[in-house]
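No lab work stands behind these numbers, since they all come straight from the coordinates. Every value quoted in this text rests on a predicted model; they were computed, and no experiment measured them. When we count neighbours, we look across all protein chains shown, and the Cβ atoms used for this are built from the backbone with ideal geometry, even at glycine.
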Amino acid sequence: MQVLFDQLMNGLTAGAEIALIAAGLSLMFGVLEIVNFAHGELYMLGAIFLYIAESSLGFPYRSAAVLSVATMLPFGALFYAVVVHRILNRGWQVQLVATLAVSVLLVNLVIVVLGAPAKLVPSPLMTTYVIGGMRISEQRILVLITAVIAFVLLFCFFRFAKLGKAMRAVAQNREAASVVGIQTERVGLAAVVASCLLAGVAGATIAPLYNVQPSMGTAVIVKAFAAVIMGGFGNVTGAIVSAVVLGLVEAFSIAYIASDYADLVVFGVMILVLVVRPQGVFGRVVRR
Amino acid sequence: MAAELPALEVRGLRAGYGEVVVLRGVDLALQPGTITAVIGANGAGKSTLLRTIFGLLRATSGTIIFAGEDITHLGSHGRLGKGLVLVPQGRCNFPMMTVDENLQMGAFTRTDRGVRSDIERIYQEFELLAGRRRVLAGNLSGGEQQLLEMAMALMIKPKLILVDEPSLGLSPGMQQLVFGAITRLRDLGTTILMVEQNAVQALRIANRGIVIELGVVRHEGTGPSMLQNPEVRRAYLGLPA
Amino acid sequence: MITRTARTLPLPGREVLGWGVFLVLLAFFPALTSVPYFIRTGITALMFVTLALAFDLVLGRVGALSLAQPVFFGFGAYAAALLSVRFGTSFWQEIGVAWLGAAALAVFIGIPAFRLSLHSFAIGTLGFQVSAQLVAQNWMSVTSGPMCVTAIPPVSLSWPGGSTQVISLTAQYELILLIAAIAIATTLLVTRVRLGLAFAAVRDDPLLASARGLWPNQVRLTAFILSAMLSATAGAFVAHFQTVICPDSLDISYTVALLIMVFIGGVASLRGVVSGALLFTVLPQFLRVVDQWRLVIYGALLLVIVITLPGGLEEFYRILERFVGRKLGLGRGPAGSLEGEGSSAATVPQRVVTDSSEKREARMQVPDRVSSTSHNDGKSQEHRDRGGQGISQDGPRGQLIQSFDKRRLEVRSLTKLYQGVHALQDLSFVVEPGELVGLIGPNGSGKTTAIDCVSGVQAADGGAVLFGDRSILGTPTYNLAKHGLARTFQTVRVFPMLTVEQNLLVAGLGRASHWDEWRQYLRRQDRWPVLHERSRELIALFGLQRVADTPAGHLSYGQRKLVEFAAALVIPPRVLLLDEPVAAVNPTTANVIREWILRLHSDGVSILLVEHNMEFVLGVCERLIVLDHGLKIAEGEPTAVMKDPGVQEAYFGR
C-alpha cells in the first residue's frame, strides 16, 4: 500500500513535470505550427538557471526559483527573435532541423560552460511529511501545486484574456486572425514566451528532486511529445491530461515491471493509442 | 450632391509575390456608397489587388489613399482602425469557435461596449446565423461560413469593404442572399469593392465595373455599360458578343 | 531514333557517367596517401555517404522523417558481429541476414508508423529507436549489453573454390566504396524508373496519389525497406571495420548527424547529400583543435544553414550550374526533374500568374522531350492481338475503352454525420452505365460529401455503395481508382513538383492493378511508349503543349484544372466523379472542359457531375439529382427538375 502511494506521488509528480513541458510544446505548435525540438532544453535551462542562481549567485531556493523563471522571459523573447521568427513560414523540415540544431547547440554549450556531470540543487523543502502512514515529500507537493496553479492560470488566460483569445484565434486560422486585426507577430512572441515560462517553472520546481544535467531535457522531451501526440497536436488540455496519464504509467512501470523498460512501456502506450486513434485521444475532427 | 472625396484612390499600385509581379500599376478611384465590381481572368491580379489594398500584402510601389488619407505605409491593423475591412476568398473564420464567438472575434479591435447589441442586430439581418449561434464554425456549410465571414466584417462598422469572390461555392439562392446583403450595405452608405468570377451577377448590382488583365486595369465603366460592351462580354462573361 | 539537338545534351546519361568517373577517382584515393588516418577518415566518410543516402531515400524521396535509421544500422552491425564471432560466417551470408532482418524490421516498424501523421511518424520512429537501443543495452545474453560484442574478425569473402579475408585498410576502403557505389546507384536508379514517380507523387500529395491509384503507405514502405537494407549493409561493414560493436551504434547522435548531412547537402539531391556527408566527416579534421566546441559549432552551423540556405549545397550547385551554363552557352535541359526539391515549398510561388508573353517565349525555348514513338511497334501488335482485357498499360487506346465492362454505380441510404449535423441523410441514387448525371443542390446540401464517401476519401456512417455488383463502401480510395473510379477535387489538385507530363504518367501508373504496378516499378520512365503517346495526345488536346515540361505548380489555376482533368482521363475511367470542374475558371477553359465531358459521355464513360454553375449543368446533363441538407429532394430530367417548386425554393430562396 505504501509502495502504491509512493508510486502514485511519483507518477503525479512526473506527470506534472511532463504536463508543464507538454503544455508549452502544444501551445507553440497550436499558435505557430512549429514543433519545437529544443523544448526539452528550455526545461533544462530553467533548471540550470536555478543552479546558477543558487550556487554561483548565492540566492536561497525560493528567490532563486523565482529568478530562474523570470529569466525565461527575456530568454523566450530572444529565442523568438533569433530563431522562431525566421523559421515561421518555412516548411516543417526547416523548422524541425532548426529547432533540433538549437537543441544540439544548447546542450553542448552547457556542457562546455558548466561541464557534463550532474549537479545537485539544494532546496529547503526537504521535509517529508508522514500522514496516516503515507510519505509525502514537500518538494513534490510544491511541484503539484505549482503545476495546478499554472494550468488554472493558463485556462483562464485562454478563456478570458484578450491575448489568450487571440492565441486561440491564431492557432485556428492565422489569416482570419490577421483579417480581424490581431497582430499575429505579437501573439507568436507571447506564445513562445509562455511556453518558455512553463518550461522554466517545471525546471525550477523539479530540479531539486533529481540531478541537474545537460541531458535532462532529452530524457523528458520524448515523453512530452508522446503526451502532445496523444492529446492531439495543438490541444493543450489534451496534452496535460495525457501527460499525467503517462507519468502514472511510467511510475507504475518502474515499480512493477523494471525501471529500464519503463520508457518502452510509455512508448508502447503511445503507439497503441495512435494505432487505435491516429488523431490522438482528444483530437477533434472538424469537417473542413 | 457636392463632389465628395473618393472613398478610395489607388495610383500606380505594383505588388507581387517574391519575384512574381502581379499588379503592374493599377489606378482606380471609388466613390463613396458605391459597389465596384472587379472582374477578370484567373491570375490577372484581382485577389492580389484586394489583399494589397487591405495590407496583407505590401505594395512595391504606388499609393493608396483612403478617404483622403495616405495609408500606403500603414499596416493592415492600422487600416482596420480606419474602417477598411477585407472578406478574403476561401475560409476565413475560426473553425473551433462558435458562430457567436466568431462574431465577437470580428469585433476584436473594438474597445466599446456596443458589441453585444451589434451581434444581436447581425442575427436579425442574417436569420441563418441566428439559428446556428452555438454551432462550431467549422461545421457550417460553405455558404453559411461565407455569410458568417461577411457578418464578422460588419462588426467594426466599416466604411469600405473589400470582398473577394463572395459567391464562390454558393448555390444561386445563397448567392442572391449574399448579393442582396451587399446591395443593402451599399444603400446604407458603405463603399464596396468586390471581386467576382460571376461577372454577370456582379455587374448587375454594381455601380461601376473594372476589368483587370495582366495586372492593369483594362476596361472600366458603369455596370450596365460593361454588360453591353461586346469585348468585355465575349472575353469575360462567356456570353455571345 | 532518338533525336538530339546540337545545343543540348541529354542530362541523365551525363549524370550517370559523372558519378561513374567520380567513384573511379575515389577508388584511387588510397594510392595517393600512405597515412592510415586519412584512409580511415575516407572509410568513415563513405559509410556516412551510404547512411545519408539511405536516410534521404525516406526523407527526401517520399517525404517521411524517420528517426529510426540507427535501428537498421545497428541491426546490420550486430547481426554481422554476432554471426562472424559465433559462426565465422562469410560477408555474403551476413549481408543476406542483414537484408532479410532489416526488411522485416522495416515492415514491423513501418506498418504501424505510417498510419501516423507527419509529426507523429517522426516521434513514433524515435520511439522505436530509443526502444531498440534499450534492448541492445539490456539483452545481455545476446548483445552483451554495455560490454559490447568484441573481437569481431575481418570481413570474410568466400566463393566456390576459396575464400579471402579483407584485412588491409585499403581493401576495406574499396569494400565500403563499393557499398557506397551501390547506394548511389540505387538513388540514380530510383529517379529514373517508374517507382521514382510513385515516390514523388506520394511525397507531394498523398491524397491525390491515392485518388490516382497509388497506395501511399505501400509506396512509403517500399522506400523504407530499401533504406533499411542499405543502412544494414553499412552496419554490417562497420562491425568488421571497428571490430567492436556497442549499443551506442543505435544512438540518436547518428540521426542528428544524418540530419545535419542531409540538410546541409540538400534534401532529395544526390550530389547534395553526398557532398554533405563528405563535408561532415572531413570538416571535423580541421576542427580537431576545438574539439570541445565541435558539437556547438555543428549546431550553430546547422542552424545558420537551414535558415539562410535551406536548399543546402544543392542550391549552391544550381547557382553554379546556371552560371557555368551561361558562360558555356549550353541550352537548358528539361525543366522538371525529381532532384533537389524536397526541402521547402518556397521554390514554388504561392500564387500563380497567367503567362505573360515573355514567359511564353521562354517556354518555347525548352527543347522537346525525348520521346520514342516510332519503334516498339512489334510490342503493340502483340498486345493488340491479346485483346487487352481490363486495363492494360501497353495496349493502344482504342482497345482500352472498348474492353470495359459497363458498371453501374448505386448509392443506397448513404448517411454521414458531423457532430450532430447531418451532412447526408439516407441518400439513394443510381448512375447507370454511360449516363451523365448532375448532382446539384444548395450549399451545404452534401454534394462533395457524397462524392467523398463514394470515392473513399471520407468514411460514411451508414448505407452502402455498389460499383457493379461489388460493395465498395470502406474500400480505400486507391483501390477504387484502380477499378476505374476516378475523381477530381473541388480545390484543384496536381503534383506541383512533377511536370504536366509526369502528372499524367503517374496517373497511368496508378491505374494498373497492384501487381501490374509493382511489376513496372523498375522499368524506365522515359521508355513508356504507349503512355507517352497517350499523355502527349491529351496534352495536345487540352492545349498544354507549351507547359508540358513545366512543373505543374507553376501553372495558372485554369491550367492546373485542365491538368487535373487530363490526369483523370489518362486511362479512361469507368465512372468519373467531377467535383465542380468549372468553378472559378474563365469561360474559354470552361468550354474546353465541357467539350471533354460530352466527348467522354459519347465514349461511354459514366459521369457524376457536381456543379453550381446552373447554365453548365443544364446544358450538359441527362439527368439531375437535387440534394438539400443531405436529402434527395428531386430527381429527373433537367428542365423538369428546375421547374419543381421544391427545388426552386431550396435553391433560389424565397
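If you look at the Cα atoms of the stretch B:95-143, you get an Rg and a Dmax of 10.9, 31 Å. Between B:Y17 and B:V22, the built amide H atoms are under 5 Å apart, and every one of these is 5 or more places off in sequence or on another chain. Over all pairs of different C-alpha atoms in the stretch B:80-161, the reciprocal of the mean inverse distance, the Kirkwood hydrodynamic radius, equals 12.6 Å. For the residues A:S103, A:S242, A:S55, a GNM of chain A with alpha-carbon springs under 10 Å puts the largest fluctuation on A:S55. For the pair the stretch A:92-149 / the stretch C:473-517, the C-alpha centres are spaced 50 Å from each other. For chain A, averaging the sequence separation of C-alpha pairs within contact (under 8 Å, six or more residues apart) and dividing by the residue count gives a relative contact order of 37 percent. Look at the stretch B:132-142: the mean tally of other chain Cβ atoms within 10 Å of its residues' Cβ atoms is 5. Our coupling estimate for the stretch A:64-76, obtained by passing each phi through the Karplus curve with A = 6.51, B = -1.76, C = 1.60 and θ = phi - 60°, is 4, 4, 4, 4, 5, 5, 4, 5, 5, 5, x, 5, x Hz, Gly and Pro reported as x. For the residues of A:106-116, the average number of beta carbons from a partner chain within 10 Å of their own beta carbon is 3.
The alpha-carbon atoms of chain A, seen along their principal axes, cover 59, 47, 35 angstrom, with the largest extent given first.
Bridging of C:K643 to aspartates and glutamates at a Cα separation below 13 Å is possible for C:E635, once same-chain residues fewer than 8 apart are set aside. Here the dipole of the stretch A:121-213 is about 220 debye; that uses its Cα centre as origin and unit charges on the Cβ of Lys and Arg (positive) and Asp and Glu (negative). Only helices enter the 222 nm calculation for chain A: every DSSP H run of n ≥ 4 contributes -39,500 (n - 2.57), and dividing by all residues gives -23500 deg cm²/dmol, rounded to 500. Each peptide in C:635-641, C:117-123, B:82-88 receives the mean, over its residues, of other Cβ atoms within 10 Å, and ordering these scores from highest gives B:82-88, C:117-123, C:635-641.
Hey, what's the Kirkwood Rh for the stretch A:46-155 if you take every pair of different alpha carbons, in angstrom? Evaluated over the stretch A:46-155, this radius sits at 16.9 Å.
When every Cα-Cα distance of the stretch B:1-155 is counted in 5 angstrom steps from zero, the calculated P(r) takes the values 2, 8, 16, 17, 16, 16, 13, 9, 3, 0 percent.
The amide H of A:G234, built 1.01 Å from its N in the peptide plane, has A:G30 as neighbours under 5 Å, considering only residues 5 or more places off or on other chains. For the stretch B:133-146, 3J(HN,Hα) computed residue by residue from phi via the Karplus equation (6.51, -1.76, 1.60; θ = phi - 60°) reads 3, 9, 7, 5, 4, x, 9, 7, 6, x, x, 5, 5, 4 Hz, glycine and proline entered as x. Residues whose amide H falls under 5 Å from that of B:L74, counting only those 5 or more places apart or on a different chain, are absent, with hydrogens built in the peptide plane. With both residues required to sit in the protein assembly as shown, DSSP beta bridges show an antiparallel share near 60%.
If you take all other residues with their beta carbon under 15 Å from the beta carbon of C:Y78, and give Lys and Arg +1 and Asp and Glu -1, the sum is -2. For the peptides C:36-47, C:189-200, the ranking by packing is C:189-200, C:36-47, with the highest mean count of neighbouring Cβ atoms within 10 Å listed first. Shape analysis of the stretch A:1-105 based on the Cα gyration tensor places the equivalent ellipsoid semi-axes at 29, 21, 11 Å, largest first.
A Cβ-based charge dipole, computed about the Cα centre of the protein assembly as shown with Lys and Arg at +1 and Asp and Glu at -1, lands at about 920 debye. Taking the protein assembly as shown as a whole, the Cys residues whose C-beta sits 4.7 Å or farther from every other Cys C-beta are A:C156, A:C196, B:C92, C:C453, C:C621. Among all the lysines, which ones have a C-alpha under 29 Å from A:K162's C-alpha, if same-chain residues fewer than 8 places away are not counted? Partners found: B:K82, B:K157, B:K159. Applying the Kirkwood pairwise sum to the alpha-carbon positions of the protein assembly as shown produces a hydrodynamic radius of 32.8 angstrom.
List the lysines whose Cα lies under 30 Å from the Cα of C:K561, skipping any in the same chain that are fewer than 8 positions away. Within reach: B:K46, C:K359, C:K406, C:K416, C:K447, C:K482, C:K632. If you run the Gaussian network model on chain B, springs between alpha carbon atoms under 10 Å, then out of B:I212, B:I161, B:I122 the most flexible one is B:I122. Among A:T127, A:T218, A:T71, the largest mean-square fluctuation in a Gaussian network model of chain A (Cα springs under 10 Å) belongs to A:T127. Using only side-chain charges placed at the Cβ, +1 for Lys and Arg and -1 for Asp and Glu, the dipole size of the stretch C:223-320 relative to its Cα centre rounds to 180 debye. Residue-normalised convex hull volume from the C-alpha trace of the stretch C:34-135: 131 Å³ per residue. When you work out D = kT/(6 pi eta Rh) for the stretch B:88-241 at 20 °C and 1.002 mPa s, using the Kirkwood radius from C-alpha pairs as Rh and the Stokes-Einstein form, the result is 129 µm²/s. Rounded to the nearest whole Hz, the Karplus-based 3J(HN,Hα) values (6.51 cos²θ - 1.76 cosθ + 1.60, θ = phi - 60°) of the stretch B:123-131 follow the sequence 4, 5, 5, 10, 4, 3, 6, 4, x, with x at glycine and proline. Taking every residue in A:262-274 and counting other chain Cβ atoms within 10 Å of its Cβ, the average works out to 4.
Diffusion coefficient of the stretch C:143-266 by Stokes-Einstein, Kirkwood radius over Cα pairs, 25 °C, 0.890 mPa s: 140 µm²/s.
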